[in-house]
């Protein structure tokens, strides 16, 4: 029922677009690898040593958002979103175009809200870290 929409058009990318694609792909792969390593260390520490990795939950949240923001432009550019084709076959090309525009506008708003919320979360984490550093510095004196 769900399938990947294939892009049948040949798209020529400029040099900087190819570089950006490679950089985003490398970023997504690196974040995914780090996410697996952090989860492995956290689970290993929790169950073998009763000491989970401090900050692993927060890192996982932030890295999941990074993974989405690195991978979504690649999927969008290649038009390879996963979709359910229940009524697409009976719609006219104009309606399909309008549907794609509306979907992309909704996704732009959703991603903007996600970026805003992740920025707030990262700022809170940063403030907590800086507060601890200041407290530790005061205690040493």
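Throughout, read-outs are computed from the coordinates displayed, never taken from laboratory work. Values in this document were obtained by computation on a predicted structure and should not be read as measured data. Heads up, the Cβs are rebuilt from the backbone with ideal geometry, glycines too, and the neighbour counts pull from every protein chain shown.
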Six or more apart or on different chains, Cβ under 7 Å: which pairs go from a residue in region 45-65 that's in contact (Cβ under 8 Å) with a residue 40 or more places away in the chain to one that's crowded, with 16+ Cβ neighbours inside 10 Å and part of a helix (DSSP H, G or I)? Could you list them? 62/118; 65/118
Across region 88-107, the tally of residues that are over 30 Å from residue 29 (Cα atoms) and surrounded by 10 or more Cβ atoms within 10 Å (Cβ to Cβ) stands at 7
Out of curiosity, is residue 85 over 21 Å from the mean Cα position of the chain (by Cα) and surrounded by 10 or more Cβ atoms within 10 Å (Cβ to Cβ)? yes
